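Trainee: This is the structure I have questions about; it appears just below.
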Amino acid sequence: MIPLVILSIIALWGCFFFALLFMIRNHESYRIAQSYIETNPRIIELVGEVEGFGFFPSGSINISGGYGQAEFTIRVDGRDGSVHVHTRLAREPRGDWEIVSFNYRQ
């Protein structure tokens, strides 16, 4: 009985984790950050053509009263290497998400 309870708890946490991951990776602000990274000349210079992004981005998305803030650290993989990119985005009510800061570390 106890192993079943432990297995159930682990399964619930796993479902919760992957649901959050799915929500972040499919949020508009995350997609805008990815597009910005893919076309950024400095990132292309560092890693070559962007081939993909890491599976586990870290960050947060906060929306309140129409205002939004999002912050992500995303691993970027290219044909010549990889780099971790940190982006911050903001949104005004009825506005679009915009990149407000961007930096990277190899």
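The values are calculated or read from the model by the stated rules, or taken from the named source; none is laboratory data. Note that the coordinates shown come from a computational prediction; the quantities given were computed from them, not determined experimentally. Every residue, glycine as well, gets a Cβ built from its backbone with ideal geometry; the counts of neighbours run over all protein chains shown.
Trainee: What's the total number of residues in the range 36-53 that are touching a residue at least 24 places away in the same chain (Cβ under 8 Å) and under 18 Å from Phe72 (Cβ atoms)? Outline the logic, then answer.
Mentor: Of the range 36-53, the ones touching a residue at least 24 places away in the same chain (Cβ under 8 Å) are 36-37, 40, 42-44, 46-53.
Remaining after also requiring under 18 Å from Phe72 (Cβ atoms): 36-37, 40, 42-43, 46-47, 50, 52-53.
Result for the range 36-53: 10.
Trainee: Would you check if Val76 is in contact (Cβ under 8 Å) with a residue 24 or more places away in the chain, at negative phi and among the hydrophobic types (A, V, I, L, M, F, W, C)? It would help to see each step written out before you state the result.
Mentor: Values: in contact (Cβ under 8 Å) with a residue 24 or more places away in the chain: yes; at negative phi: yes; among the hydrophobic types (A, V, I, L, M, F, W, C): yes.
So Val76 fits the description; yes.
Trainee: Whether any residue in the range 10-29 is modelled with pLDDT of 80 or more, among the β-branched types (Val, Ile, Thr) and closer than 18 Å to Asp77 by Cβ is what I want to check.
Mentor: Residues of the range 10-29 that are modelled with pLDDT of 80 or more, as a first pass: 10-13, 15, 25-29.
Adding the requirement that they be among the β-branched types (Val, Ile, Thr) leaves 10.
From what is left, the residues that are closer than 18 Å to Asp77 by Cβ are none.
No; the residues of the range 10-29 include none that is modelled with pLDDT of 80 or more, among the β-branched types (Val, Ile, Thr) and closer than 18 Å to Asp77 by Cβ.
Trainee: Additional query: Scan the range 50-70 and give yes if some residue there is of a type in the set (Ser, Thr, Tyr) and in contact with a Gly (Cβ under 7 Å, 6 or more places away or on another chain), otherwise no.
Mentor: no
Trainee: Under 8 Å between Cβ atoms, which residue pairs at least 6 apart in sequence (or on different chains) link something in the range 7-27 that is under 22 Å from Ser60 (Cβ atoms) with a partner that is assigned to a helix (DSSP H, G or I)?
Mentor: Ile24/Tyr30
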